[in-house]
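This report concerns only the one structure given below.
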Amino acid sequence: MITVYTFGANFGLPDPSTFVTKTLVHFKMSGLPFQVDTEGFSKAPKGKLPYINDAGTIICDSTFIQIHLKEKYGIDLDKGLSPAERATGWALEKMCEDHLYWAIIDARWMVDVNFNKGPRQFFGSAPAPIRPLIIRKVRHDIKRTLYGHGLGRHTRAEVETLAARDLDAIAGYLGEKPFLFGNEPHAADASVYASVAGALCPLFETGLRDHALKHLNLSAYAARCTQRWFPDLGVPEPVS
């Protein structure tokens, strides 16, 4: 059986990582049997999750995992979509993963009140005497990564303005459809759902959440996806 390495459900989300959530959704969509292991981070070949172990073959990165599912098992999560729709799905996915994702990271890790509510718990197993030093270093590294990406060079208000445009684009494309391309989900729904759910996470006080809540179709979409793929999660019903 394929093993998917994850962080585990947290923050009221299927996983605190949008990339892990994406892969979990892809597996649920695929119908393949799989098991979850939450103890694999220290052995992650690229230092990140998710990765999978498929009968001894290790595949890292959510996108390469999706490619593996198609190449080995013939599972095309975009079956039935036109070339233009596939291209749109890829564009939406990359907007979420390479732009909106970093705004979510900024809000969770760089805002002290949010960090204390969420990410700080990741360091509970670190030795108490050096825990503050480890936390300081990790936050510094994330801040430097954000700066290198470019998003971290902006004020928080500017970051939220840019992220709001991502959310507006998703809401505008989704419209009244159940999923991005109609009545059934496809590959991009996994990334978009993970990002929208992350932005809406009520644990954190963010401008992203405030803006996402203005789009009723986004909260309805997140709730619909959660009920479909993670029915035991117990997240709030869509805002009405």
Checklist (1) at pLDDT 95 or above; (2) farther than 24 Å from Arg86 by Cα; (3) touching a Lys or Arg at 6+ places or on another chain (Cβ under 9 Å) applied to Leu167, failing item
(2)
In the range 96-155, what residues are of a type in the set (Ser, Thr, Tyr) and over 20 Å from the mean Cα position of the chain (by Cα)?
Ser125, Tyr147, Thr155
Taking the stated definitions as given, is Leu216 more than 19 Å from the chain's Cα centre (by Cα) and under 24 Å from Phe11 (Cα atoms)?
yes
Of the residues that make up the range 71-89, is at least one acidic (Asp, Glu) and surrounded by 19 or more Cβ atoms within 10 Å (Cβ to Cβ)?
no
Residue in the range 164-171 that is without any contact (Cβ under 8 Å) to a residue 60 or more places away in the chain and open to solvent by 20 Å² or more (accessible area, probe 1.4 Å) present:
yes
Qualifying residues in the range 34-61 (those that are of a type in the set (D, E, K, R) and farther than 13 Å from Phe7 by Cα) - the one most open to solvent (accessible area, probe 1.4 Å):
Lys46
Filter the range 175-201 for residues that are under 15 Å from Arg86 (Cα atoms) and open to solvent by less than 30 Å² (accessible area, probe 1.4 Å) and give the result.
Phe179, Leu180, Gly182, Pro185, His186, Ala187, Ala188, Asp189, Ala190, Ser191, Val192
Would you tally the residues in the range 161-213 being farther than 19 Å from Thr21 by Cβ and outside any loop (DSSP other than H, G, I, E, B)?
13
Pull up the range 123-132, narrow it to residues that are over 23 Å from Pro202 (Cβ atoms), open to solvent by 40 Å² or more (accessible area, probe 1.4 Å) and not in a helix (DSSP H, G or I), then point me to the one that is modelled with the lowest pLDDT.
Ser125
Among the numbered criteria (1) open to solvent by 40 Å² or more (accessible area, probe 1.4 Å); (2) over 23 Å from Asp189 (Cα atoms); (3) in a helix (DSSP H, G or I); (4) touching a Phe, Trp or Tyr at 6+ places or on another chain (Cβ under 9 Å), which single criterion is violated by Ile135?
(1)
Checked pairs for the range 144-160, first in a helix (DSSP H, G or I), second crowded, with 16+ Cβ neighbours inside 10 Å and of a type in the set (D, E, K, R), C-beta under 7 Å and 6 or more apart or across chains, list as Leu146/Asp106; Leu151/Asp106; Gly152/Asp106; Val159/Asp106
Within the range 212-232, track down each residue that is surrounded by fewer than 21 Cβ atoms within 10 Å (Cβ to Cβ) and touching a residue at least 40 places away in the same chain (Cβ under 8 Å).
His215, Asn217, Arg224, Arg228, Trp229, Phe230
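The values are calculated or read from the model by the stated rules, or taken from the named source; none is laboratory data. A quick note: this is a predicted structure, and the numbers were derived from the prediction, not measured. Every residue, glycine among them, receives a Cβ derived from its backbone with ideal geometry; neighbour counts consider all protein chains shown. For the accessible areas, the whole protein counts, side chains as well, though only heavy atoms, and no ligand, DNA or RNA atoms are used. Shrake-Rupley method; radii C 1.70, N 1.55, O 1.52, S 1.80 Å.
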